[in-house]
Amino acid sequence: MTDTASPGQVQMQNRRAVVVGAGVAGLASAIVLSKLGWRVALLERRERLKGDDLGMILWASGVRALRALGVDATLDAAGTPVERFEIRNEDRVSSSFAGAMLGADDGTPSVMVHNAMLYEALVSRLGDSVEVHPATQVDRIDMVDLAAGDSNRRWDADLIVAADGIDSPTRPLIAPGSPTVDAGVVVFRGIIPAHRAPERSAEAVEVYGPDRRRFGYGDLGHAGACWWATVPGGMRPESPQIQHELINRWFADWPAPVGKYIAATRPSELTQQSVRYVWPIPARLHQPAGTGGLVLMGDAAHGVAPILAQGGSLALEDAVTLGWALRRSPESVPDALASYDRARLPRLKRVARLSRRVHTIASGGRGVTRGLLRAVPDSWVQSQAASLSDWQPPR
């Protein structure tokens with residue numbers, strides 16, 4: 001703390017927070033709490049803090065949230081601004097719009113970013129008051145005398161932030177009626193180093209095809225290029241080499257440059273993940289406990305159908321909004337969490353409904369997606385994309 005700390009920060013100086021999970025939501029929450037003067041225990045089940053080797057989109061809203069955390073998406077996280085977004089089917093461009101329109105109010109760009117670089121940028125902003133405890137699998141939450149812990153240790157808290165992912169074991173404590181739903185598809189992802197990446201422009205493109213298949217790609221600048229391929233079914237048990245051959249077969253007749261991205265990727269650079277989401281969105285995101293409380297953040301609260309790639313941006317928005325709520329009600333954690341719910345739930349429900357609707361359309365089978373893409377006005381797609389990116393940090 002500095003001599004210029006606000007009264008609210010002084011009020012929170014002796015408070016303790018436990019953040020469960022060191023993904024994007026957990027790291028961002030720890031940064032916010034540290035800036036407010038809280039002592040933070042960041043508990044992570046993995047043995048070390050490390051981002052995933054994959055590319056992701058941060059929409060303009062997520063870039064604004066990063067900026068509020070003191071992180072520049074392009075300078076600190078090496079993000080590449082997206083100049084144009086395109087949605088295509090196999091034989092034509094269905095919608096195309098400039099990336100600048102999504103940040104029209106203040107010119108904020110949307111960016112493609114390597115997850116590991118974003119992760120490093122967030123880790124570097126953790127304050128001195130954050131203690132990181134890796135290899136800690138939280139299996140106990142005490143809602144009477146607020147605390148979290150594993151089989152060996154217990155951390156008492158005034159606030160527990162559950163940022164423990166889509167399969168959160170904490171969510172049933174607050175929202176037992178909001179389970180994780182299997183979307184019935186698997187996403188394969190590839191990262192291609194710059195020296196092997198196909199020639200590319202500052203575009204993010206997603207191509208819709210038959211049988212619920214989709215293929216998207218984007219530019220990561222000096223980090224190379226990334227792509228993602230969504231196919232129906234469950235996780236594939238085959239070796240990476242066989243998986244690579246299957247992807248080649250599934251997308252063999254798709255328009256350029258799909259084949260070039262697959263060909264430039266080595267089997268060892270492939271990852272796969274089953275696609276799941278939370279439905280319905282919890283009616284509330286927090287549970288008061290005495291003078292403190294428990295709050296769900298990131299995918300633990302609202303893992304949305306990932307077709308609109310909103311997860312990273314929403315997680316960053318969550319953390320910034322939590323900081324706003326705690327500054328607004330420094331004397332009362334329960335009051336702050338109630339303000340957090342009121343601020344976040346309308347947006348989260350809107351994004352979740354739209355994401356699920358688009359996922360349902362994209363899962364409509366052969367011919368359905370193509371026909372709908374032809375019928376939907378380009379202006380509607382643009383307006384929906386802009387509405388998802390219009391979030392501003394609350395003041």
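The values are calculated or read from the model by the stated rules, or taken from the named source; none is laboratory data. This one's a predicted model, so the numbers in the text were calculated from it and none came from an experiment. Note that each Cβ is placed from the backbone with ideal geometry, even for glycine, and that neighbours are counted across all protein chains shown. Remember, those area values only see protein heavy atoms, side chains included, never the ligands or the DNA or RNA. Shrake-Rupley method; radii C 1.70, N 1.55, O 1.52, S 1.80 Å.
Once the Cβ-Cβ distance of ALA202 and ASP128 is raised to the sixth power relative to R0 = 45 Å, the FRET efficiency obtained is 0.75.
Ranking ALA78, ALA28, GLY209 by Cα position along the charge dipole of the chain, where only Lys, Arg, Asp and Glu carry charges on their C-beta atoms, puts GLY209 farthest toward the positive end. Between 0 and 90 degrees, rounded to the nearest ten: what's the tilt of helix 333-362 against the longest Cα principal axis of the chain? Roughly 10 degrees between the two axes.
Considering only LEU314, VAL123, PRO134, and ranking their Cα positions along the charge dipole of the chain that arises from unit charges at the beta-carbon of Lys, Arg, Asp and Glu, the one farthest toward the positive end is LEU314.
Taking 0.36 nm per residue of separation and subtracting the current Cα-Cα distance, fully stretching the chain between ARG395 and SER239 would add 51.1 nm. Rounded to 0.05, the FRET efficiency of the ASP211 and ARG342 pair, given R0 = 41 Å and the Cβ-Cβ distance, is 0.45. Pull out a ≥ b ≥ c, the square roots of the eigenvalues of the alpha-carbon gyration tensor of region 114-181, then state rounded if a/c is under 1.5, prolate if not and a/b is larger than b/c, and oblate in the remaining case. It is oblate, given that a/c is not under 1.5 and a/b is not larger than b/c. In region 82-204, the portion of solvent-accessible area held by carbon and sulfur atoms comes to 48 percent [1.4 Å probe, whole percent, DNA, RNA and ligands not counted]. Modelled this way, with points 7 Å down the Cα-to-C-beta line, the labels at ALA256 and ASN14 are 6.9 nm from one another. Placing a label point 7 Å from the Cα of ARG46 along the Cα-to-Cβ direction, the residues of region 55-76 whose backbone N falls under 16 Å from that point are 55-56.
Based on DSSP H segments of at least four residues, each scored -39500 (n - 2.57), the chain has a per-residue ellipticity at 222 nm of -9500 deg cm²/dmol. Over the chain, accessible surface divided per residue gives 42 Å², non-protein components excluded, 1.4 Å probe.
Are there trypsin sites (Lys or Arg not before Pro) in region 181-277 that DSSP puts in a loop and that have at most 15 other Cβ atoms within 10 Å, and which ones? Intermediate values should be presented prior to the final figure.
Values: sites: ARG189, ARG196, ARG200, ARG212, ARG213, ARG214, ARG249, LYS260, ARG276; in loops: ARG196, ARG200, ARG212, ARG213.
Counting only loop positions with at most 15 other Cβ atoms within 10 Å, the trypsin sites (Lys or Arg not before Pro) in region 181-277 are ARG196.
Label sites at GLU86 and MET101, each approximated as a point 7 angstrom past Cα along Cα to Cβ, lie 1.6 nm apart.
Only alpha carbons enter this Debye calculation for the chain, each as an equal point scatterer, and the log10 of I(q)/I(0) it gives at q = 0.12, 0.14 Å⁻¹ is -0.93, -1.24.
Loop sites here are GluC sites (Glu not before Pro) outside DSSP states H, G, I, E and B with no more than 14 other Cβ atoms within 10 Å. The longest part of the chain free of them is 91-198. Within region 145-175, find all residues whose amide N lies under 11 Å from a label point positioned 7 Å from the Cα of ASP139 along Cα-to-beta-carbon. So the set is 150-152.
Using only the C-alpha atoms, the convex hull of region 160-306 corresponds to 140 Å³ per residue.
Per atom type, region 222-310 shows carbon and sulfur on 55% of its accessible surface, probed at 1.4 Å. A Cβ-based charge dipole, computed about the Cα centre of the chain with Lys and Arg at +1 and Asp and Glu at -1, lands at about 800 debye.
Modelled spin labels at LYS349 and THR271, positioned 7 Å past Cα toward Cβ, are 3.3 nm from each other.
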